[in-house]
Every structure is written in C-alpha cells, then in structure tokens.
1. Does THR62 count as closer than 30 Å to GLN280 by Cα, surrounded by fewer than 20 Cβ atoms within 10 Å (Cβ to Cβ) and not hydrophobic (A, V, I, L, M, F, W, C)?
2. Exactly one of these conditions fails for HIS276: (1) part of a loop (DSSP other than H, G, I, E, B); (2) at pLDDT 95 or above; (3) not aliphatic (A, V, I, L, M). Give me its number.
3. Considering each residue of region 393-415, count those that are basic (Lys, Arg) and either touching a His at 6+ places or on another chain (Cβ under 6 Å) or surrounded by 15 or more Cβ atoms within 10 Å (Cβ to Cβ) (or both), and give that number.
4. Which pairs turn up if I take residues in region 217-233 that are free of Cβ contacts under 8 Å to residues at least 60 places away in the same chain and look for partners that are β-branched (Val, Ile, Thr) with beta carbon separation below 6 Å, at least 6 apart in sequence or on another chain?
5. Go through region 328-344 and give me each residue that's not in a helix (DSSP H, G or I) and not β-branched (Val, Ile, Thr).
6. Condition check: among the aliphatic types (A, V, I, L, M) and not in a loop (DSSP other than H, G, I, E, B). Does VAL381 satisfy that?
7. Do we have any residue at all in region 249-259 that's farther than 21 Å from GLN345 by Cα and either surrounded by 18 or more Cβ atoms within 10 Å (Cβ to Cβ) or of a type in the set (Gly, Ala, Ser) (or both)?
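The values are calculated or read from the model by the stated rules, or taken from the named source; none is laboratory data. Note that this is a predicted model, so its numbers are computed, not measured. Reconstructed Cβ throughout: ideal geometry from the backbone, glycine too, with neighbour counts over all protein chains shown.
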Amino acid sequence: MLFRTFFVTLASILVQMKEEKCLKGKRAVFFTLGCKLNFAETATVASRLEELGVCRAKKGETADICFVNTCSVTEVADHKCRQTIHRLIRQNPGALVVVTGCYAQLKPIEVSQIEGVDMVLGTAQKGKVVEKIVHYFSEHTDETEHTELKEAPFVPSCSCGDRTRYFLKVQDGCDYFCTYCTIPFARGRSRNGSIASMVAQAEEVVRKGGKEIVLTGVNIGDFGRSTGETFINLIRALDEVKGIERYRISSIEPNLLTDEVLEFCANSRAFMPHFHVPLQSGSDEVLKLMHRRYDTALFEQKMKRIKELMPDAFIGVDVIVGMRGETDELFQQALDFMNRMPVSQYHVFSYSERPGTKALNIPLKVRPEEKHCRSQQVMKVSDSHARAFYNRYIGSTRPVLLEHGKRKGILGGFTDNYIRVEYIPQNEDMDNSIVPLKLIGWNTDHTALIGETL
C-alpha cells in the first residue's frame, strides 16, 4: 500500500512538473465581457495559470495565450465579442486563442470559424480550461467542444482579479426561461456548490487578506437546487466567517427576496445595506409577456420593505426597454412606476432579438429609434434618483473600503451603502482599509463624492 501511495504521489508530481514546464514563461492576456460572474471566472483561470508559471503580458508585449470570456445577452454583446476576438488575434499573431462563455456556448461554430481561434469551450468545459491549455501546449491540437448543458457541473470560482473586493460564485444557470433570455441555453440549469464549500472559500479570502465578498451567480436566490440547501442558510453561514467585514448580494429576483432574507441582512454582522434587484419592466402586461414570476405590486412591496428595514440602503435595478409588445402606453406606465420607486439607480438595457427565444412570437416590434428614446428617458430618471441618493449623504460620515483608484494619488472606494467615494490618502498603506470618511461634496466630474478624514 505504501509503495502504491508513493507511485501515485510521484506520478502526480511528474504531471505537475510537465504542466509547469510547458507553460512556464508564457505570456497571457485575459479579456472578459459581460457580467460580474464572468469576471470572477476569468480571474480564477488567470490565477491558476499564474500558478503554473504563466505571466500577464505587459503593454506592448505579444501574448502566447489569449483568453476571452464572452457574453451573449444581446446582439450588441455578440458583436463586441467578435470585435474583441479579431483585435486580440491581430495584436498577438501566433498566440493560442481560447474563447469560452455564453457566446461560445450558443454559437460555437460561428466562433470556431473566426480565423485564428484555436479553442472554443462551452459552459460545461469552463472548469477544464487550464487542463485544455496545458494539453494544447503539450500536444498542440485545436479544439471545439460544445455539449448539452443538462449535466453541466458547477465550477467554483472566487477571485478578486485586480480589485479589492472578492467575487464568490455561489450559483450558476437558471430554470426560469424568460421569453427574452438565452441564459438557460448558455449556462444551463440552476446548480450550486455546497454551503460548506462556500464557507471554505470565504475563509480562504480571509487568509489572503480580503475584507469584502460579493456573492455572484445567475439566479442566486435559487441557491440550493443541487444540494437541498437554502439561500437564507447560506448567508447565515457566511455571516459567521470571522475576518470578512462586508458581503454584498449582487442580484436577486424580487420573488426570491424573502422577508426572512431582508430581516437577516438588516440585523446581520456583515451584510451591507445594498441590493440589486431586476425589475425588467414596470408594466404588469409586459412582465407577463416576459414570463417574469412577479408583478409590480410584489416588486413595490419589496422596495418598501427594504427601506423600512434599512433606510440607508442603496437599491440598483435592471430594466429592459423596447420589449416586443411594449406599446407607448405600456412604456409610459412602466416609466411612471419606475419614477415613484425608492430606487437609487436603474441599469437600462434595450431589448435585443435573441434567436430561439419565445419573445420572437410576440407580433408588436418596437423600432430601434423608439428603443433609444425610451432608454434615454429611463436614464434621466436613473440620473435623478442617483443624484438625490448621493446628495442625501453629503455631510454624513460613512465607512469606506479604500482601494487604488485610476488617478494617481487618489484612492477610490465604496461606502457600506455603495456610494462611490474618492479620497486623497494621508499615507501609502490605506489600500484595503475600511476608514470612516466624511462625505463633503461631489468630485469635479460628478462621478463620486469626496471623502475626508475626521
């Protein structure tokens, strides 16, 4: 038995040495399009490759590996993916070009036919990306692999990338099949890791010095499908991890945002007064066309409950304009509803035709010019709400998690209730520190409030 263990261990060491040898010194570029979940997954791939000796290509260097994690939420997203792939191929001749993500899953043949693309990996293969790259440099074989997603595994991911905040993937896929959406086809059915595995990853973040974790996923309120657990029990367990001072819930469906979850967050140790809740439309008729699982009355009740329990809470909301079937009258209903909601910011998306979706069966089609006009109207409402929310806190003091900003000598960061802050540090060691700052007014371009120490 001892000899067998020895040879198994030796074989493992030899395999690792081979992997490190074939990748050591390689330079890579990583490009991500789309959601926070994609960014977390890309950061995990980058981290694993760096462990095998791969370094990030510096500006002006030609990369040996180009990794592109794609989005396919709209036709514009598809176009951006193609542009990005073509640009990286031009800039890095001869590099291994790996394309994964939703666009690669939905249109693998289209992606593989782009000259210069070597590897197209669907959603089910995301967990094997590093293994495939190692195999490529060992054997040098191109590969396109796309499979049905019924049995797609849950691929864990927890990484900060270039940011202070860590992004913990708690769930993937969706069972909802809204009429406008391709995510169930791109990412598969709802699935998740165990609560124990999430806690272990949070504890690893503590060991790395992280203070804030954003919970990410496609439909995170649906957590537990794979393991028979619940979202409320997940956040209860995470709240007990000592060393993590902040958690944020990236996006949760209004019908899954239970009073139990809200009451826990309001009284928890580390969950911040910050929610991101998709509305999609403020018209009940349009919500029915979308096959959403709530109406405006339920959404309004959730918004009011958040503000009752957490008056300072920042609430971000996703909306779609120009959905098939959205008449002028229905859009005006939606706009009026959005205007009166206690929402801090709206994220506006124009409806995009997606092949294979049931929305294509709805006869009334909104003209592109009208979509743009409606988008601008919602953005004006959003700007008004965001300014009012920020103005409310000028003169107050809030805790800010500081991180290096884009401008030299200025640290950026967010308050507990997600107000963007800029701060000129008194010393060089304040990055990744939570500091109480007085918010004294807007910065020059009105993108953040200026903070100063007491």
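1. So THR62 fails the test.
2. Failing condition for HIS276: (1).
3. Looking only at that region, the number is 1.
4. Once the first residue is free of Cβ contacts under 8 Å to residues at least 60 places away in the same chain and sits in region 217-233, its partners that are β-branched (Val, Ile, Thr) give ILE220/VAL170; ILE220/ILE252; GLY221/ILE252; PHE223/VAL170; GLY224/THR230; GLU229/ILE195; ILE232/VAL261.
5. Here is the first cut: in region 328-344, the residues not in a helix (DSSP H, G or I) are 341-344.
MET341, PRO342, SER344 - these are the residues of region 328-344 that are not in a helix (DSSP H, G or I) and not β-branched (Val, Ile, Thr).
6. Working: among the aliphatic types (A, V, I, L, M): yes; not in a loop (DSSP other than H, G, I, E, B): yes.
Against the criterion (among the aliphatic types (A, V, I, L, M) and not in a loop (DSSP other than H, G, I, E, B)), VAL381 qualifies.
7. no
One line per residue, one yes/no per condition, for (1) farther than 14 Å from THR42 by Cβ; (2) modelled with pLDDT of 90 or more:
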{"site": "LYS126", "(1), (2)": "no, no"}
{"site": "GLU131", "(1), (2)": "yes, yes"}
{"site": "HIS135", "(1), (2)": "yes, no"}
{"site": "ASP142", "(1), (2)": "yes, no"}
{"site": "CYS158", "(1), (2)": "no, no"}
{"site": "THR164", "(1), (2)": "yes, no"}
